[in-house]
Structure formats: C-alpha cells, structure tokens
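**Student:** Sharing a structure, written as structure tokens. Questions coming.
The values are calculated or read from the model by the stated rules, or taken from the named source; none is laboratory data. Just so we're clear, the structure is a prediction, and the values are computed from it rather than from any experiment. As a convention, Cβ positions derive from the backbone with ideal geometry for all residues, glycine included, and neighbour counts pool all protein chains shown. Remember, those area values only see protein heavy atoms, side chains included, never the ligands or the DNA or RNA. Shrake-Rupley method; radii C 1.70, N 1.55, O 1.52, S 1.80 Å.
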Amino acid sequence: MQIFSGSTGVERASAMITMRCWLCVCIILLGGCGGGGSDTPPPASGTPQNQTLTGILQKTDLPPPATLSATPANLPSFVAFESGQVRPLALSEDGRQLYAVNTPDNRLEVFSIIGATLHHVQSVPVGLEPVAVAVSGDQVWVVNHLSDSVSVVSVAQSPYRVIRTLLVGDEPRDIVFAGPGMSRAFITTAHRGQNTSIEPQLTTPGLGRADVVVFSRDNPGAGPGGEPLVTLTLFGDTPRALASNADGSRVYAAVFNSGNQTTVVRAIPTLNKAPPFANIEGITAPESAYILKFNGSNWVDEAGRHFDQQANLNLPDLDVFEIDTMGEVPRQVNEWAGVGTTLYNMVVSPVSGDVFVSNTEARNHVRFEGPGNNASTLRGNFVDSRLSLLRNDGSVMTQSLNPHIDRSRSTGTAAERELSLALPLEIAISRDGANLYMVAMGSNKIAVIPAVTIGTDTFQPAAQTHITVSGGGPTGIVLDEPRNQAYVLTRFDNGISVIDLASESEIAHVKMYNPEPPSIITGRKFLYDAALTSSTGDSACALCHVFADTDHLSWDLGNPDDIEMTNPFGPVPFSNPINGR
C-alpha cells in the first residue's frame with residue numbers, strides 16, 4: 001500500500017519517536033524475560049527467590065553480601081510491569097523512620113534516619129507492584145497496583161508485618177489519610193469491577209470510571225477484603241493522584257489520562273483538510289480522519305475552521321475533583337476542567353489552600369512531524385511539561401516548565417537542555433508554602449520552585465535551583481524539614497537519595513535490592529530520560545507512552561516535505577472488544 005508522507009492518517013504515536021519508542025519498550029518489557037542481575041546482587045544461596053536481604057540496603061561504600069553466581073541456570077525469569085510510582089516514600093509521624101516502596105521486589109523497605117544516613121531496618125513483603133505508601137500512627141498502608149489491594153503494615157513492634165489486606169478495585173494508585181482525626185484512608189482505583197462488590201456496568205454510557213474508595217483506619221471492615229465506608233465514583237476515567245489540605249477536611253482526586261478535549265471524526269471526501277494538499281513531489285494527499293479540538297465554543301481543526309456538524313457531541317473534560325471528607329459520608333463538592341492532558345501528582349499549599357498539579361499537555365491537534373518548511377510540525381514540541389494551579393474560585397492557571405526553549409527552532413542547544421524539566425511527578429511543599437520541590441523524572445532532577453511564580457507567569461528555570469540526583473529517574477520526594485533534608489526515590493537504580501535543603505545538593509545515596517535483569521535497568525533511561533534522548537531536554541518516549549503503556553491519544557502525522565513512501569506494515573485489522581468481531 002502506498003501512503004503519502006504528508007498525511008498518514010490517524011496514528012497512535014508520534015512518528016518522530018515511534019522507532020525509538022518501540023526500541024525502548026522492547027528493551028524494557030521484553031528484555032527481562034531471560035533473567036539477569038542488577039547493580040545490587042541477588043540474595044545469597046539458600047534464600048528464597050525474590051527474598052530481600054537486610055544487608056543489601058546499606059551505604060554504597062560498604063562491601064556487598066555473598067551472591068549467587070550469575071548463570072542462566074540459577075537466575076529466575078522476571079516479568080516487568082513498569083507500574084508508575086505515585087507516592088513511593090513516607091516519613092513516620094515521629095520522623096524517625098522512612099518507608100519506601102520497593103516496586104520491583106514487592107516489598108516495603110523500612111529505614112531508620114540517623115543524621116544524613118539511612119539505616120535499613122526491615123523488608124516487609126506486601127502485594128505486587130507497590131506504588132504508594134501513607135502513614136497513620138503505627139500503621140503503614142501500602143497500595144499494590146498489580147494486586148488490586150492495600151497492605152496494612154503494623155509497625156507497632158518488631159518484626160513489622162502485614163495485619164490486613166484490603167481489596168479496593170482495579171489498579172489502585174494513590175492513598176492519603178484525611179477526614180475527622182485523619183482517620184479515613186482515601187484510595188484511587190479504576191471503576192472496572194475487579195476485586196470489589198460494585199457492579200461496574202461496563203456497557204452503560206454516562207457513568208464515571210474513576211473511583212475513590214474510603215476506609216476507616218480503625219475499622220476497615222470485618223470481611224476478608226475489608227468493607228469500605230463508601231466508594232465515590234467520579235465522572236472521569238482512571239484516577240491517579242490524591243492530595244489533602246492541611247486539616248484533612250478536603251481531599252483532591254485527579255484523573256490520570258484526563259484528555260485535552262480532542263476527538264477524531266472520519267474522513268469526509270467533500271471537506272479537505274487545511275493545506276498543504278500535496279507533498280514536495282506534487283502527489284495529492286489521500287483523505288484521512290480529522291483530529292478536532294474543542295475551543296470552548298466550537299470543534300475546530302488546526303486552521304481554526306469549524307466542524308461542529310461533524311463532531312456532534314459533548315465531551316466533558318473534568319480533571320480534578322474536590323471531596324468534603326468531614327461528613328458522615330464523604331462527598332464530592334467541586335471539580336475543575338482544563339488542568340492538563342496527563343495528570344501525575346498534586347500537593348495542597350498549607351497556607352493558601354491552592355492546589356498544584358504536575359501534568360503534561362499533548363499537542364496532538366497539531367499536524368505533521370517533518371522539518372516544517374511548508375507545514376506545521378510537532379518536531380521538537382509534541383508534549384509540554386507543566387504545573388497547573390487550581391484555586392477555590394474554580395480558576396485554573398497553567399505554567400510551562402520550559403519557557404526558556406526557543407520553539408521557533410526544531411532542535412535545541414546545550415544551554416536549553418541544561419535548564420529543561422521533563423516528566424514532572426511528585427511535588428512536596430514547604431510548611432510555609434513558599435517553595436515547591438518537584439521531581440522531574442525525565443531530567444534526573446529536583447526543581448526548587450517559588451510557589452508564587454506559578455500562576456503569575458513569572459517562572460523561569462535556573463540551574464542553581466536544580467538538584468541532580470545520582471541514581472536518575474526520580475519519582476517521589478518527601479520533606480524532612482526538622483533535619484533540613486529531603487528524601488528522593490530514584491527509579492533508574494531503585495535507590496534513595498538524601499538531599500540537604502540548605503545547600504540544595506545530594507549528600508547520601510543508598511540502593512534497594514532490585515531483582516530486575518540488567519536489560520531492564522539499562523534500558524529504562526532510554527524511555528524516560530529526556531536529556532539523553534532530545535536536543536531540547538524536554539522530550540522523551542514516556543511523554544506519550546506513559547510508564548511504557550500504549551499512547552492513548554491519536555495523532556495526524558506525516559511529512560509533506562518528504563517523498564511518498566511505502567508502508568511496510570499494511571493496515572491494522574479492526575477488532576470490536578464487545579462482541580469479539
């Protein structure tokens with residue numbers, strides 16, 4: 001089949017990174033099937049498979065424990081799910097211990113904090129792929145993304161152990177404690193019917209698919225999997241992040257892949273797309289589907305032409321929901337739209353009550369991926385990394401994290417790359433509300449951002465406010481202000497960095513045991529690291545293929561500045577998941 005390079009139709013990923021993305025996903029998801037090792041050795045002989053050794057989590061200058069010989073015969077296979085960590089670290093209420101999820105090893109790691117040193121105390125087996133942790137008194141609640149559960153760990157006395165397992169629904173992601181006396185656990189989970197008594201009504205239109213399950217900390221239910229106080233169903237798709245205000249009277253829940261008010265309509269022979277209509281050879285573009293964006297009043301194409309008759313639908317874009325936690329039954333009281341396309345994490349200012357949301361915004365309404373000589377192009381700018389500010393009056397203000405990049409060029413400079421911030425994840429905020437501490441997974445940094453610059457259009461990145469973490473790929477951060485320190489989980493090496501807030505520098509680093517084979521560990525950075533894979537330092541495969549998942553957006557790609565080429569793959573057959581045809 002011949003295709004015109006200026007209009008290849010609606011595709012599932014950006015052509016400029018498609019080959020690299022496939023390579024990255026193959027390295028990460030397929031490379032682990034044959035076993036291997038990691039920087040931290042596997043357990044000693046006689047230890048059960050995937051058992052974590054206490055001695056492995058120690059200062060990196062100490063000698064490692066005895067290890068198995070790294071031969072294929074005695075190394076287990078490994079399946080990588082690449083679950084996205086949401087809230088991977090938490091401090092005990094007395095500040096003496098740090099709790100960290102060890103996602104690949106399915107454990108909660110417990111450290112005592114002595115000065116700037118983390119001393120490993122115990123590894124507690126939990127469910128599969130733990131991604132979030134929260135503390136309430138002498139209990140640590142761990143969200144297990146793959147097990148669809150929450151492990152309640154008692155740390156009242158040693159050895160620490162799981163005392164309850166709560167079933168919460170499909171693919172839970174985050175947890176916070178709020179409500180009267182901070183005694184209620186709020187957990188985000190997808191409304192799909194797994195491991196819950198709620199009928200999902202999967203074929204019923206108009207129902208929300210984002211659940212927040214609420215448990216009583218002191219009485220999570222007598223049933224085997226617990227009994228929630230209530231399950232709130234929000235009008236959105238899969239939820240991810242949660243945040244609570246200072247007194248716990250409000251909880252905010254964010255939809256993960258919330259969208260950006262774009263949709264697709266079929267090709268219409270009588271209506272041509274905006275020019276160009278031919279490539280550099282003069283070959284006319286074939287008809288293909290249209291990507292339209294709702295501008296608040298009308299459905300428009302990239303050129304601003306109205307297509308309301310072709311897109312005769314109403315597409316809600318509800319992104320963040322506010323929950324009143326204090327009543328007998330928690331309830332939704334407010335909502336915000338237009339926050340971002342993919343929402344990662346949130347934090348609430350303890351002073352103003354403003355909500356800060358780390359997110360990315362896709363530019364999939366823009367066509368083409370070539371040099372842009374005769375057409376628009378996505379090259380060098382297909383997804384923006386941002387922070388959004390939500391206020392109680394319902395307003396939403398967004399701030400690009402990379403205003404320094406010259407978007408008139410398709411390639412960047414070393415100076416631009418040094419300042420860039422990509423893939424913003426967890427945010428912490430100082431007690432006085434003055435500074436945000438945001439991890440940028442795609443930049444291997446923590447950015448210290450004055451909160452006042454978000455929403456006032458005064459933010460400018462500065463190298464002196466960026467803290468580089470040696471382990472790479474930071475996903476979570478927790479502040480320890482009495483010690484003037486912060487702790488950051490680094491996903492690339494499955495480690496934890498200790499940050500001195502006064503000097504804004506890394507002062508210590510430990511690695512947790514990692515059962516992943518080297519192919520996964522080595523390949524992960526090629527998916528996430530924007531400084532490694534883009535000249536502007538703000539673009540990486542994971543910006544579209546979020547946590548190695550399918551790109552859930554449509555793109556209208558091609559290159560009008562190129563020649564006609566043969567599609568080596570052919571058409572993709574259509575499959576209806578409802579009736580199997």
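**Student:** Which number in (1) at pLDDT 95 or above; (2) buried (at least 20 other Cβ atoms within 10 Å of the Cβ); (3) in a loop (DSSP other than H, G, I, E, B); (4) in contact with a Pro (Cβ under 7 Å, 6 or more places away or on another chain) marks the one condition that Gly370 misses?
**Tutor:** (1)
**Student:** Between a residue in the range 341-356 that is more than 16 Å from Glu426 (Cα to Cα) and open to solvent by less than 10 Å² (accessible area, probe 1.4 Å) and any residue that is assigned to a strand (DSSP E or B) and small (Gly, Ala, Ser), which pairs come within a Cβ distance under 6 Å, given they are 6 or more apart or on different chains?
**Tutor:** The qualifying pairs are Thr341/Ala362.
**Student:** Could you tell me how many of the residues in the range 413-427 are open to solvent by 20 Å² or more (accessible area, probe 1.4 Å) and either assigned to a loop (DSSP other than H, G, I, E, B) or in contact with a strand residue (DSSP E or B) (Cβ under 9 Å, 6 or more places away or on another chain) (or both)?
**Tutor:** The number of residues fulfilling the criteria is 3.
**Student:** Mind checking which pairs have a first residue in the range 512-539 that is more than 12 Å from Ala422 (Cβ to Cβ) and open to solvent by less than 20 Å² (accessible area, probe 1.4 Å) and a second that is aromatic (Phe, Trp, Tyr) and at pLDDT 95 or above, Cβ under 8 Å, 6 or more apart or different chains?
**Tutor:** Going by the 8 Å Cβ cut-off, the qualifying pairs are Arg524/Phe492.
**Student:** Does the range 149-186 hold any residues that are among the aliphatic types (A, V, I, L, M) and either modelled with pLDDT under 95 or touching a Leu at 6+ places or on another chain (Cβ under 8 Å) (or both), and which are they? Spell out the reasoning first.
**Tutor:** Initial filter on the range 149-186 (among the aliphatic types (A, V, I, L, M)): 150, 152-153, 155-156, 162-163, 166-168, 175-176, 178, 182, 185.
Across the range 149-186, the qualifying residues are Val150, Val152, Val153, Ile175, Val176.
**Student:** Can you pull out the residues in the range 449-481 that are touching a Phe, Trp or Tyr at 6+ places or on another chain (Cβ under 6 Å) and of a type in the set (A, V, I, L, M)?
**Tutor:** Ile477, Val478
A quick yes/no check of all residues on (1) among the aliphatic types (A, V, I, L, M); (2) over 19 Å from Glu171 (Cβ atoms); (3) out of contact with any helix residue (DSSP H, G or I) (no Cβ under 9 Å at 6 or more places or on another chain):
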{"residue": "Val212", "(1), (2), (3)": "yes, no, yes"}
{"residue": "Ala222", "(1), (2), (3)": "yes, yes, yes"}
{"residue": "Pro239", "(1), (2), (3)": "no, no, yes"}
{"residue": "Asn257", "(1), (2), (3)": "no, no, no"}
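**Student:** From the set of residues in the range 303-340 that are acidic (Asp, Glu) and open to solvent by less than 70 Å² (accessible area, probe 1.4 Å), which is nearest to the chain's Cα centre (by Cα)?
**Tutor:** Kept after step one, since they are acidic (Asp, Glu), are these residues of the range 303-340: 308, 317, 319, 322, 324, 328, 335.
Within this subset, residues satisfying the condition of being open to solvent by less than 70 Å² (accessible area, probe 1.4 Å) are 308, 317, 319, 322, 324.
Details: Asp308: 33, Asp317: 19, Asp319: 15, Glu322: 20, Asp324: 25 Å.
Checked the range 303-340; the qualifying residue nearest to the chain's Cα centre (by Cα) is Asp319.
**Student:** Still on this structure, I have one more. Farther than 28 Å from Asp549 by Cα and of a type in the set (Phe, Trp, Tyr): which single residue out of Phe177, Phe235, Phe186, Phe256 fits that description? Can you show your working first?
**Tutor:** Working: Phe235 fails: farther than 28 Å from Asp549 by Cα; Phe186 fails: farther than 28 Å from Asp549 by Cα; Phe256 fails: farther than 28 Å from Asp549 by Cα.
After applying the criteria, what remains is Phe177.
For every residue, the table says whether it meets (1) in contact with a strand residue (DSSP E or B) (Cβ under 6 Å, 6 or more places away or on another chain); (2) without any contact (Cβ under 8 Å) to a residue 60 or more places away in the chain; (3) among the basic types (Lys, Arg).
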| site | (1), (2), (3) |
| --- | --- |
| Gly370 | no, no, no |
| Ser400 | yes, yes, no |
| Pro403 | no, yes, no |
| Ile429 | yes, no, no |
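**Student:** Given the criterion assigned to a strand (DSSP E or B), open to solvent by 10 Å² or more (accessible area, probe 1.4 Å) and in contact (Cβ under 8 Å) with a residue 40 or more places away in the chain, identify the matching residue among Thr203, Thr263, Thr188.
**Tutor:** Working: Thr203 fails: assigned to a strand (DSSP E or B); Thr188 fails: open to solvent by 10 Å² or more (accessible area, probe 1.4 Å).
It is Thr263.
**Student:** Which of the residues belonging to the range 373-398 are closer than 18 Å to Thr458 by Cβ, in a loop (DSSP other than H, G, I, E, B) and in contact (Cβ under 8 Å) with a residue 24 or more places away in the chain?
**Tutor:** Across the range 373-398, the qualifying residue is only Arg391.
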